[in-house]
Amino acid sequence: MDLLKQKIEEVLVASGIDFSVEADNETQRINIFIQDQELVEKFLPSLVKDLEHIVKLIAKNLKIDKVNIDVNNYKREREHIIVELAKAAARKVLLEKKEIILPPMNSYERRIVHVELATRPDVKTESIGEGSERHIVVKLF
């Protein structure tokens, strides 16, 4: 992970971005913190996606199988929002006695919802749709 961190730092230095990088060997997690607030406010979701792609290419080249990347805690905060959305949807399904359709999500985000609601005996989840329109329906069990 140290070599991966070093390579990421080299790429970011070359980009001219003011940043810091933290690597956690135990969780295989790389946290990148970008200091330029204007850049972060305008481009954070695409920055996360693009940096994740670059880091995974570097990791593959270094023969590192799995690495998780987050930029300015975007993923951590998004995961929290998705968990809260799942809980709210379950409450609404129980209250209104009808299914709730959540907005389209990527496979990782859908998995968060499925895992969060899997322990509940009163609701069930189902992914439907294709491609970027794939979403979850929360139903009464």
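The values are calculated or read from the model by the stated rules, or taken from the named source; none is laboratory data. Note that this is a predicted model, so its numbers are computed, not measured. A quick note on method: Cβ atoms are made from the backbone with ideal geometry, for glycine too, and the neighbour counts reach across all protein chains shown.
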Quickly run through segment 80-109 and pick out the residues that are surrounded by 15 or more Cβ atoms within 10 Å (Cβ to Cβ), over 15 Å from R120 (Cα atoms), β-branched (V, I, T) and within 14 Å of the chain's Cα centre (by Cα).
-> I82
Scan segment 54-74 and report the pairs whose first residue is free of Cβ contacts under 8 Å to residues at least 24 places away in the same chain and closer than 27 Å to E41 by Cα and whose second residue is β-branched (V, I, T) and surrounded by 15 or more Cβ atoms within 10 Å (Cβ to Cβ), with Cβ atoms within less than 8 Å and a gap of 6+ or a chain change.
-> K56/V67; K56/I69
Does I112 count as part of a helix (DSSP H, G or I) and closer than 30 Å to L3 by Cα?
-> no
Does L94 satisfy the criteria of being assigned by TED's automatic domain parsing to the domain that holds E130 and under 16 Å from H135 (Cα atoms)?
-> no
Any pair with Cβ under 7 angstrom, 6 or more apart, that starts in segment 94-105 at a residue that is part of a strand (DSSP E or B) and ends at one that is surrounded by 10 or more Cβ atoms within 10 Å (Cβ to Cβ) = I100/A89; I100/K92; I100/V93; I100/V138; I101/H135; I101/V137
Go through the residues of segment 15-30 one by one and say whether even a single one is assigned to a helix (DSSP H, G or I), at pLDDT below 95, closer than 30 Å to P121 by Cβ and not aromatic (F, W, Y).
-> no
